Amino acid sequence: MKLLEDRIRKEGIVLPHDVLKVDSFLNHQVDPELMFEVGKEFAKLFADKPITKILTVESSGIAPAVMTGLAMHEPVVFARKHKSLTLTDDLYTADVYSYTKQTTNKISIAKRFIEPNDSVLIIDDFLANGQAVEGLLTIIKEANIEVQGIGIVIEKTFQKGRALIEKRQIPLEALAQIASLENGQVQFVK
Ligand code: G4P
Ligand code: NA
Ligand code: NA
């Protein structure tokens, strides 16, 4: 997606350990117009799939996921990372390991927001090692619902997330694919 690549070139900052900082439009400040274009692009890419719900993880997945839900006219549910105050909820939970932080955190979704015939699209801001997606796939399996695809805003193709998803034969679309962040430079695929 050219609009997104241009924005990454212009505002992305390469940090140590292969981290791309894009907090001026995605991870802290959010550009709603760019996110709406992102949402419409995912809606187009997954138009042929029978999707009834969008799933993501708080917090940075919410903006692109909501815009995708808006474009597809489907509801959006984000997995929580922290216990909600309404502890009475019956929850699906999964462990998510972060290679960056070397910690394991739980994500959870209230069972009442998943219906037996749901067929979901996962949306997330970054695909690195794929652990957040793995966590959502664990919940989807436990809930016994269908996954129709995974939409990623920015993929770091040199990390192992894609391989994990392809192994499961789930359709994967990434709007910007980064081949390398070496020497502080963003190199896109192709
Ligand atoms: P990891 O194994 O490298 O930790 O990768 P993982 O895919 O599990 O991602 C862990 C967190 O780091 C996720 O956010 C993910 O979006 C973010 N992340 C991974 N690579 C990059 C990067 O190059 N740039 C930025 N900006 N973020 C990256 P999170 O901890 O769930 O936080 P949140 O922002 O969604 O709240
Ligand atoms: Na994220
Ligand atoms: Na993030």
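Please state which one of Lys81, Lys141, Lys106, Lys44 is open to solvent by 80 Å² or more (accessible area, probe 1.4 Å) and within 13 Å of ligand 2 (Cβ to nearest atom).
Lys81
Among residues belonging to the range 51-75 that are open to solvent by 50 Å² or more (accessible area, probe 1.4 Å) and more than 10 Å from Leu121 (Cβ to Cβ), point out the one that is nearest to ligand 1 (Cβ to nearest atom).
So, considering only residues that are open to solvent by 50 Å² or more (accessible area, probe 1.4 Å) and more than 10 Å from Leu121 (Cβ to Cβ), the one nearest to ligand 1 (Cβ to nearest atom) is Ser59.
So Glu33 ticks every box in (1) in a loop (DSSP other than H, G, I, E, B); (2) of a type in the set (D, E, K, R); (3) more than 16 Å from ligand 2 (Cβ to nearest atom) but one. Which box is left unticked?
Exception for Glu33: condition (1).
Of all residues being of a type in the set (Phe, Trp, Tyr) and within 16 Å of the chain's Cα centre (by Cα) in the range 92-128, which is nearest to Val22 (Cα to Cα)? Just the residue, please.
Going through the range 92-128, the residues of a type in the set (Phe, Trp, Tyr) turn out to be 92, 97, 99, 113, 126.
Then drop every residue that is not within 16 Å of the chain's Cα centre (by Cα), which leaves 97, 126.
Numbers: Tyr97: 22, Phe126: 11 Å.
It comes out as Phe126.
Which one of the conditions (1) within 16 Å of ligand 2 (Cβ to nearest atom); (2) within 19 Å of Ser98 (Cβ to Cβ) does Pro16 fail to meet, given that it meets all the rest?
Unmet condition: (1).
For Lys190, all conditions in the list (1) under 16 Å from Ile8 (Cβ atoms); (2) open to solvent by less than 40 Å² (accessible area, probe 1.4 Å); (3) not hydroxyl-bearing (Ser, Thr, Tyr) hold save one; what is the number of the exception?
Among (1) under 16 Å from Ile8 (Cβ atoms); (2) open to solvent by less than 40 Å² (accessible area, probe 1.4 Å); (3) not hydroxyl-bearing (Ser, Thr, Tyr), the lone unmet condition for Lys190 is (2).
List the number of the failed condition for Lys101; all other conditions in (1) of a type in the set (Lys, Arg); (2) closer than 18 Å to Ser60 by Cβ; (3) modelled with pLDDT of 95 or more hold.
That leaves (3) as the condition not met.
Residues checked against (1) free of Cβ contacts under 8 Å to residues at least 40 places away in the same chain; (2) under 21 Å from Ile178 (Cβ atoms); (3) not β-branched (Val, Ile, Thr):
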{"position": "Arg9", "(1), (2), (3)": "no, yes, yes"}
{"position": "Val30", "(1), (2), (3)": "yes, yes, no"}
{"position": "Glu37", "(1), (2), (3)": "yes, yes, yes"}
{"position": "Glu41", "(1), (2), (3)": "no, yes, yes"}
{"position": "Lys44", "(1), (2), (3)": "yes, no, yes"}
{"position": "Thr52", "(1), (2), (3)": "no, no, no"}
{"position": "Gly69", "(1), (2), (3)": "yes, no, yes"}
{"position": "Ala79", "(1), (2), (3)": "no, no, yes"}
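The values are calculated or read from the model by the stated rules, or taken from the named source; none is laboratory data. Given the structure is predicted, the values throughout are model-derived calculations rather than measurements. Neighbour counts run over all protein chains shown; Cβ positions are idealised from the backbone, glycine included. Surface accessibility is based on the protein's heavy atoms, side chains included, excluding ligands, DNA and RNA. Shrake-Rupley method; radii C 1.70, N 1.55, O 1.52, S 1.80 Å.
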